[in-house]
Amino acid sequence: MVKSALQVARAAYKPKMPKALYGSVRIEEGAPTQSVADQDEVKKLFPNTYGMPALKFVETSDKATYPAINVGVILSGGQAPGGHNVIAGIFDGIKNLNADSRLYGFLMGPGGLVDHNYKELTGEIIDDYRNTGGFDIIGSGRTKLESKEQFDKGLEILKKLDVKALVIIGGDDSNTNACVLAEYYKAIDAGVQVIGCPKTIDGDLKNEMIETSFGFDTACKVYSEVIGNIQRDCNSARKYWHFIKLMGRSASHIALECALQVQPNVCIISEEVEAKKLSLDDIVTDIAKTVAHRAANGNNFGTVLIPEGLIEFIPAMKALISELNDFLAHHQDEFNAVPKDGQLAYIKKNLSADNAKVFASLPNAVARQLTLDRDPHGNVQVSLIETEKLLAEMVGNKLAEMKAEGKYKGKFASQVHFFGYEGRCAAPSNYDADYCYSLGYTAAALIGAGKTGYMSSVRNTTAPAGEWIAGGVPVTMMMNMERRHGEMKPVIRKALVELDGAPFKYLAANREAWATGTEFVYPGPIQYFGPTEVCDQPTITLKLEQGK
Ligand code: FBP
């Protein structure tokens, strides 16, 4: 395999870890925990894994000995930079417990466990993937692990390989399923521990014990680099408005972090749209006013950042999507059987009057995108909805109206972009390389301590890595009950942008100046080698959240 010069240099990088993890560790237990909401329901569903204490690893001089252990690992869902380092951390961590421990990777996501597709991950294989982006070491997939049949099928191969612990690296939905699996294996005394790791570029798996999900840092840095380049381009040619949609599912964390990094003219935050009950027309009018204002100063160019989940947060659209989700959950086959040219009419006919009206008001392409298959967790695949085109077109129309009324003089030409896949497999930043390796190593320590139903947790990450705090947080602690596929289910609560949080407040305090002036920042590419202030910075979101 030919490797780039940077890949060769990065292979030699030794990720930094919390100081406590370098030697032997002792566990400090916190108080029993509660789920974030719906305590009675969650407790009933997880009688064996509910209420466990949060854990913290501290250094000890006592030397413990551990038996060799076989561990399995699964990558679940969308790629996020640093996944390979989580696996390297698990590998080194279990070898540190006992040199005869072995690691098996299940291939192409949770489906690999159910279908018994796996490979042993040897030291040689691991070395090839250290500090690289991607999930290609074993592949990833979106199969939802949820049925007893799948769990039992998985157990067959775990028994055959003598695997005593399984690490599931995934987002909120995958970690919810990891917890259901932990509960089931504990209930039947299967002798298999299950540990989760917080992955997702979306940044929406976070709480007081999980500061950030891995991959968010690198992905935002990659998008910010490219948005910065676009800003410099548009500030040079001065003839385009760029409408840039950013991945992130429902939450606007990625759009917000990129805005903090690049200071665009406009950044929409879905959570604010919902709170202020803004309509699509309100959003379009706001952008058009900014365009007109800049045009009055001779600036017929600018940037608009759009979170990919926006459409779900416009109240009228939210109600429509919720009814569509429930309806399609029960009538998917019937819908699929309707000829393509009759599908929109079929949906309209089956919706309540208000929602049918909203549905009918949408451009056909967007209406069709809303009816596309849900992902295996029942979510609308918002990345497929072309909001950037919708907004660029609607702003153009609004400006034409304003021109006719004499309220706008200027030229409007737009370019649209969607950034998502470009950043998901980038080589991890030093932050993600260190954080991921530490998460993996912590997972190994949790396994050594015999724990199950925990998520690996590494905190205090705005401090130098040596001062990071490693431990475990019971997955049930993050759960509440939500409606999925038309039924109430226990799920990890998604962290959305908090409008009273420091990152949003910073945006709100500065956005007017960014809209009217041209205060673009050009962050440039991720740096791996060089001064700490250039190479080892966490996201601005994290720094503001921690008052740094
Ligand atoms: P998860 O980390 O939650 O799996 O998703 C990350 C993500 O990149 C989302 O931002 C995006 O909406 C989705 O995956 C796209 O899915 P797919 O990879 O299936 O196209």
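The values are calculated or read from the model by the stated rules, or taken from the named source; none is laboratory data. Note that this is a predicted model, so its numbers are computed, not measured. Methodologically, a virtual Cβ is constructed for each residue, glycine included, from the backbone with ideal geometry; neighbour enumeration extends over all protein chains shown.
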Test each condition in (1) modelled with pLDDT of 95 or more; (2) within 30 Å of ASP162 (Cβ to Cβ); (3) not in a loop (DSSP other than H, G, I, E, B) for GLU41 and report the one that comes out false.
-> (2)
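Can you confirm whether HIS331 is assigned by TED's automatic domain parsing to the domain that holds GLN415 and in contact with a Pro (Cβ under 9 Å, 6 or more places away or on another chain)? Lay out the reasoning, then the answer.
Working: assigned by TED's automatic domain parsing to the domain that holds GLN415: yes; in contact with a Pro (Cβ under 9 Å, 6 or more places away or on another chain): no.
For HIS331, the condition - assigned by TED's automatic domain parsing to the domain that holds GLN415 and in contact with a Pro (Cβ under 9 Å, 6 or more places away or on another chain) - is not met.
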Name the single residue, out of those in region 186-221 being assigned to a strand (DSSP E or B) and not small (Gly, Ala, Ser), that is farthest from THR461 (Cα to Cα).
-> GLN193
Could you tell me whether region 310-324 includes any residue that is in contact with a Gly (Cβ under 9 Å, 6 or more places away or on another chain) and surrounded by 19 or more Cβ atoms within 10 Å (Cβ to Cβ)?
-> no
Mind listing whichever residues of region 394-434 are in contact with a strand residue (DSSP E or B) (Cβ under 6 Å, 6 or more places away or on another chain) and not in a helix (DSSP H, G or I)?
-> SER414, GLN415, VAL416, HIS417, PHE418, PHE419
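Let's see how each residue does on (1) of a type in the set (A, V, I, L, M, F, W, C); (2) crowded, with 23+ Cβ neighbours inside 10 Å:
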{"site": "ASP92", "(1), (2)": "no, no"}
{"site": "LEU97", "(1), (2)": "yes, no"}
{"site": "ILE126", "(1), (2)": "yes, no"}
{"site": "GLY133", "(1), (2)": "no, yes"}
{"site": "GLU146", "(1), (2)": "no, no"}
{"site": "LEU155", "(1), (2)": "yes, no"}
{"site": "LEU166", "(1), (2)": "yes, yes"}
{"site": "ASP172", "(1), (2)": "no, yes"}
Is region 33-49 home to any residue that is in contact with a strand residue (DSSP E or B) (Cβ under 6 Å, 6 or more places away or on another chain), within 16 Å of the ligand (Cβ to nearest atom) and farther than 19 Å from LYS95 by Cα?
-> no
State whether one or more residues within region 295-306 are in contact (Cβ under 8 Å) with a residue 24 or more places away in the chain, closer than 30 Å to TYR431 by Cβ, under 21 Å from the mean Cα position of the chain (by Cα) and not in a helix (DSSP H, G or I).
-> yes
LEU161 versus (1) within 16 Å of the ligand (Cβ to nearest atom); (2) modelled with pLDDT of 95 or more; (3) hydrophobic (A, V, I, L, M, F, W, C): which is the lone unmet condition?
-> (1)
Does region 349-393 hold any residues that are part of a loop (DSSP other than H, G, I, E, B), more than 15 Å from the ligand (Cβ to nearest atom) and within 24 Å of the chain's Cα centre (by Cα), and which are they?
-> THR371
Could you tell me whether ASN460 is more than 16 Å from the ligand (Cβ to nearest atom), within 30 Å of GLY51 (Cα to Cα) and either at pLDDT 95 or above or not hydrophobic (A, V, I, L, M, F, W, C) (or both)?
-> yes
Name the one entry in ASN229, ASN207, ASN300 that is polar (S, T, N, Q), surrounded by fewer than 24 Cβ atoms within 10 Å (Cβ to Cβ) and over 20 Å from HIS417 (Cβ atoms).
-> ASN207
Could you look through region 394-433, keep only residues that are away from the ligand (no atom under 16 Å from the Cβ) and under 18 Å from the mean Cα position of the chain (by Cα), and pick out the one that is nearest to TYR528 (Cα to Cα)?
-> SER429
Considering region 132-185 alone, what residues qualify as being part of a loop (DSSP other than H, G, I, E, B) and of a type in the set (S, T, N, Q)?
-> THR132, SER140, THR143, SER147
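Considering only residues that are in a strand (DSSP E or B) and among the acidic types (Asp, Glu), look in region 441-489 and name the one that is surrounded by the most Cβ atoms within 10 Å (Cβ to Cβ).
Per the criteria, the residue is GLU482.
Could you tell me which residue of region 221-261 is farthest from the ligand (Cβ to nearest atom), considering only residues that are charged (D, E, K, R) and closer than 22 Å to PHE313 by Cα?
GLU257
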If you go through LYS505, LYS543, the only one that is assigned to a helix (DSSP H, G or I), of a type in the set (D, E, K, R) and either under 19 Å from the mean Cα position of the chain (by Cα) or buried (at least 19 other Cβ atoms within 10 Å of the Cβ) (or both) is LYS543
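Return the residues of region 60-78 that are part of a strand (DSSP E or B) and within 16 Å of the ligand (Cβ to nearest atom); say none if nothing qualifies.
Those that are part of a strand (DSSP E or B) and within 16 Å of the ligand (Cβ to nearest atom): ILE74, LEU75, SER76.
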Output the residue which, of all residues in region 198-220 that are more than 12 Å from the ligand (Cβ to nearest atom) and within 22 Å of GLY450 (Cβ to Cβ), is modelled with the lowest pLDDT.
-> MET209
All but one of (1) crowded, with 23+ Cβ neighbours inside 10 Å; (2) of a type outside the set (Lys, Arg); (3) touching a Cys at 6+ places or on another chain (Cβ under 9 Å) hold for TYR240, so report the exception by its number.
-> (1)
